[in-house]
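Colleague: The structure follows.
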Amino acid sequence: MNVLHISAECYPIAKVGGLADVVGSLPKYQQKIGMNSNVVMPYYDTVFSQNNAFKSIYKNTLLLGERVINFKILKLENTNLGYDLFCVDVPELLFKDYVYSSDDTERFLAFQIATLDWILSLKQKPNLIHTHDHHTGLIPFMMSQSFKYKSLKNIPTVISIHNAQYQGWFSHEKSHLIPSFDSENAGLLDWDGAINSLAAGVKCAWSVTTVSPSYMEELKQKANGLENLFSHEDTKCLGILNGIDWNVWNPETDPYLHKNYSKTSLISGKKASKKWLCNKFGLDVSKPLFTFIGRLVHEKGSDLFPAVFEKALNENDISILLLGSGDKETETQLETLKSLKNFNAFIGYDESLSHRIYAGADFLLMPSRVEPCGLNQMYALRYGTIPVVNAIGGLKDTVIDVDNKGFGICHDGVTVEKIVHAIERANTLYLDQKKYKQISKKLMSIDHSWDHSAQEYVNLYQSLIL
Ligand code: ADP
């Protein structure tokens with residue numbers, strides 16, 4: 001079976017969040033179970049593209065409304081990723097040192113059109129097209145409605161929703177940018193008076209998946225306006241829990257760690273990482289270390305962080321370290337909070353530091369209001385770090401509270417009081433070092449590798465291929 005994943009992000013080429021991790025690892029695991037699964041993404045100006053050789057395999061022009069735009073399809077020459085990587089090179093729109101910006105409608109339309117134009121030219125077409133999030137949500141529409149792509153109509157399409165908060169809205173005035181289609185079917189593009197790329201993907205894809213079973217259920221109640229759509233399309237929707245790249249995220253071999261460790265050397269390994277972190281960030285190594293890694297956005301509960309951290313530090317003998325960036329007001333408040341003795345933050349993005357934090361932390365905080373799957377808690381488990389989470393979406397599917405014979409701390413709802421109470425419970429657990437160490441070891445045995453979920457996708461693909 002020949003499957004093409006089409007995505008705006010893919011680790012290690014370009015990463016903003018979890019989408020990149022999933023698209024960068026799922027195809028590798030699908031290849032392992034015998035599928036020919038590969039990736040198409042935009043060609044950005046990233047460190048990866050600067051340091052790797054690509055070969056041009058296709059050249060053409062695309063039409064974006066009246067605009068004629070040159071593009072190329074580049075293929076990564078080395079094959080170390082474990083799958084073929086194809087990049088769509090549209091220099092004037094996509095070759096930037098960022099992934100997302102304010103002209104994303106045109107940028108991702110050009111990406112999607114170029115990808116389909118190229119697929120149209122292939123002698124051997126993919127057996128299935130797997131799109132991811134709103135950036136590629138118009139592909140199922142174009143494949144089923146645009147006259148130009150009529151010959152691709154019978155190729156099954158899947159759209160995976162990694163985050164339904166972002167939907168790729170734009171005005172119907174720009175509908176002429178989409179390769180022409182029967183205007184009677186323009187309703188397939190519409191949600192609430194605007195073109196909604198995610199909604200169009202959900203309506204037109206043969207199957208819709210989300211990244212955890214609980215998130216699938218939650219979307220019918222809360223989906224940033226698309227609740228009724230998810231309820232209506234229920235029969236073709238399926239929640240499949242994300243896996244993690246078991247090799248990239250492996251404390252035994254992780255090149256970012258100062259001291260690698262396994263289940264048997266967990267205590268000394270984590271101790272070394274914690275010592276390094278505490279030295280670097282001026283924190284007291286004897287106190288339990290609570291951490292956060294991620295985007296500073298409302299979904300992650302980050303607007304409450306300044307109040308939560310101040311209260312938690314006042315009431316508990318702990319340290320807190322944050323790695324993240326996003327909302328400017330929160331960033332400024334966190335910078336100010338650095339004057340507190342047991343708090344520090346790195347405002348920015350740093351892949352190596354994130355690995356070191358997963359390894360050196362005692363607890364990882366995830367008080368998310370929305371968490372489709374969440375990978376951070378799975379990385380924390382893999383590194384023997386106890387997650388402290390709001391029990392929603394994928395967090396609900398992956399973290400069981402210690403009071404229910406589990407291994408994490410769960411709270412029910414996102415308020416300053418509830419998060420601080422969860423931190424207090426975690427602190428109490430930490431003070432019982434025997435129990436804390438037992439749980440920490442247990443975490444490392446929990447298997448969230450892709451092996452199971454990659455097969456679930458294959459089962460889905462097989463059910464769609466006629
Ligand atoms: P989301 O996709 O909503 O941002 P996920 O939990 O699915 O959240 O994935 C987040 C990914 O991004 C993880 O790999 C996490 O380690 C990484 N990440 C987020 N923020 C940062 C940061 N500031 N520095 C390094 N890695 C980060």
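Colleague: Given Cβ point charges of +1 (Lys, Arg) and -1 (Asp, Glu) and nothing else, what value in debye, to the nearest 20, does the dipole of the stretch 170-283 about its Cα centre take?
Modeller: Result for the stretch 170-283 is approximately 1260 debye, rounded to the nearest 20.
Colleague: Right, here's the next one. Assuming 1.306 mPa s and 10 °C, estimate D for the stretch 1-127 with Stokes-Einstein, Rh taken as the Kirkwood radius over Cα pairs, in µm²/s.
Modeller: So the translational diffusion coefficient is about 107 µm²/s.
Colleague: Something else: Excluding residues on the same chain fewer than 8 positions from LYS28, give the aspartates and glutamates whose Cα lies under 13 Å from its Cα.
Modeller: ASP84, ASP245, ASP451
Colleague: Taking the Cβ of each residue in GLU329, GLU371, GLU9 as the centre, tally the other Cβ atoms inside 10 Å and list the residues starting with the fewest.
Modeller: GLU329, GLU9, GLU371
Colleague: A further question follows. Sort ILE139, ILE13 so that the residue with the fewest other Cβ atoms within 10 Å of its own Cβ comes first and the one with the most comes last.
Modeller: ILE13, ILE139
Colleague: Less than 16 Å apart at the alpha-carbon level, and either on another chain or at least 8 residues along: which lysines does that give for LYS150?
Modeller: Reachable lysines: LYS123, LYS125.
Colleague: Also, I was wondering about something else. Using +1 at the Cβ of each Lys and Arg and -1 at the Cβ of each Asp and Glu in the chain, identify which of ASN127, PRO91, GLY326 lies farthest towards the dipole's positive end.
Modeller: Farthest along the dipole direction, towards plus: ASN127.
Colleague: Same structure, new question: Tell me the net charge near GLN145. Cut-off is 12 Å between Cβ atoms, GLN145 excluded, with +1 for each Lys or Arg and -1 for each Asp or Glu.
Modeller: Surrounding charge for GLN145 is +2.
Colleague: Search the structure for amide H atoms under 5 Å from the amide H of SER449, placed 1.01 Å from N in the peptide plane, and list their residues when 5 or more places away or on another chain.
Modeller: Placed amide hydrogens put ILE244 under 5 Å from SER449.
Colleague: Pull out the extension gain between TYR166 and SER121, defined as 0.36 nm times the separation in residues minus the alpha carbon to alpha carbon distance; nm, one decimal.
Modeller: Result: 13.1 nm gained on full extension.
Colleague: To continue, here is another question. Please give me, ordered by residue number, the trypsin sites (Lys or Arg not before Pro) of the stretch 192-281 that lie in loop per DSSP and have at most 13 other Cβ atoms within 10 Å.
Modeller: none
Colleague: With +1 on the Cβ of every Lys and Arg and -1 on the Cβ of every Asp and Glu, and nothing else charged, how large is the dipole of the stretch 266-443 about its Cα centre, in debye rounded to the nearest 20?
Modeller: Once rounded to the nearest 20, the dipole reads 900 debye.
Colleague: Hey, what do the phi angles of the stretch 50-58 turn into as Karplus ³J(HN,Hα) couplings, whole Hz, using 6.51/-1.76/1.60 and θ = phi - 60°, x for Gly and Pro?
Modeller: So the Karplus estimates, Gly and Pro as x, are 5, 9, 10, 8, 10, 10, 6, 10, 7 Hz.
Colleague: What percent does the relative contact order of the chain come to when contacts are Cα pairs within less than 8 Å and at least six residues apart?
Modeller: 12 percent
Colleague: Compute the length gained on full extension between ALA194 and LEU340: take 0.36 nm times their separation in residues and subtract their Cα-Cα distance, giving the result in nm to one decimal.
Modeller: Answer, rounded to one decimal: 47.9 nm.
Colleague: How much of the pair distance distribution for the stretch 266-443 lies past 26 Å, counting alpha-carbon pairs only, in percent?
Modeller: Of all Cα-Cα pairs in the stretch 266-443, 19 percent lie more than 26 Å apart.
Colleague: Can you put ILE400, ILE129, ILE293 in order, fewest other beta carbons within 10 Å first?
Modeller: If I rank by nearby Cβ atoms, fewest first, I get ILE400, ILE293, ILE129.
Colleague: Pairs LYS274/LYS396; LYS263/LYS442; LYS259/LYS405: which exceed 20 Å Cα-Cα?
Modeller: Those over the limit are LYS274/LYS396; LYS259/LYS405.
Colleague: Evaluate the charge dipole of the chain about its Cα centre and quote only its size in Debye, nearest 20, assuming +1 on the Cβ of each Lys and Arg and -1 on the Cβ of each Asp and Glu.
Modeller: Dipole size: approximately 1520 debye.
Taken together, the values in this text are just the output of simple stated rules run on the coordinates, not laboratory data. Small disclaimer: the values here were computed from a predicted structure and weren't measured. Neighbour counts run over all protein chains shown; Cβ positions are idealised from the backbone, glycine included.
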